[in-house]
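J.: Mind having a look at this structure? Questions to follow.
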């Protein structure tokens, strides 16, 4: 699964063959969750509230890029890296 961003130990990925609503996967310290492009958690859990907050901030700041990558993923095109949260 391609990595599209990393920041503060959080790894963000997006699958090429996922279905359903546009979303991305995030992992932090061995925990994984799936988020909408607006940063809402869909599946999974992250016990670290700071990580959840950072992922939400990042998703909001880069929502259009996430949605563009979703279109690329659905078309089988290479995904573009997205700037980390600063």
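J.: Which residues, counting only those in segment 59-80, are within 11 Å of the chain's Cα centre (by Cα) and outside any helix (DSSP H, G or I)?
T.: 62
J.: Give the residues of segment 1-13 that are at pLDDT 95 or above and either more than 15 Å from residue 62 (Cα to Cα) or within 10 Å of the chain's Cα centre (by Cα) (or both), sorted by residue number.
T.: Of the residues in segment 1-13, the ones at pLDDT 95 or above are 3-13.
Result: 3, 4, 5, 6, 8, 9, 10, 11, 12, 13.
J.: Which residues, taken from segment 35-55, are under 22 Å from residue 71 (Cβ atoms) and buried (at least 18 other Cβ atoms within 10 Å of the Cβ)?
T.: If the condition is that a residue be under 22 Å from residue 71 (Cβ atoms) and buried (at least 18 other Cβ atoms within 10 Å of the Cβ), then 35, 37, 39, 55 are the ones that fit.
J.: Ok, one more. Looking for whichever is modelled with pLDDT under 95, closer than 14 Å to residue 5 by Cα and surrounded by 13 or more Cβ atoms within 10 Å (Cβ to Cβ) here; the options are 85, 66, 79. Which one fits?
T.: Values: 66 fails: modelled with pLDDT under 95; 79 fails: modelled with pLDDT under 95.
When all the criteria are applied, what remains is 85.
J.: Further, regarding this structure: For segment 1-58, which positions are in a strand (DSSP E or B), farther than 21 Å from residue 74 by Cβ and without any contact (Cβ under 8 Å) to a residue 12 or more places away in the chain?
T.: 41, the sole residue that qualifies.
The values are calculated or read from the model by the stated rules, or taken from the named source; none is laboratory data. Keep in mind that what you see is a predicted model, and the values were worked out from it rather than measured. In this analysis, Cβ positions are derived from the backbone assuming ideal geometry, glycine residues included, and neighbour counts consider all displayed protein chains.
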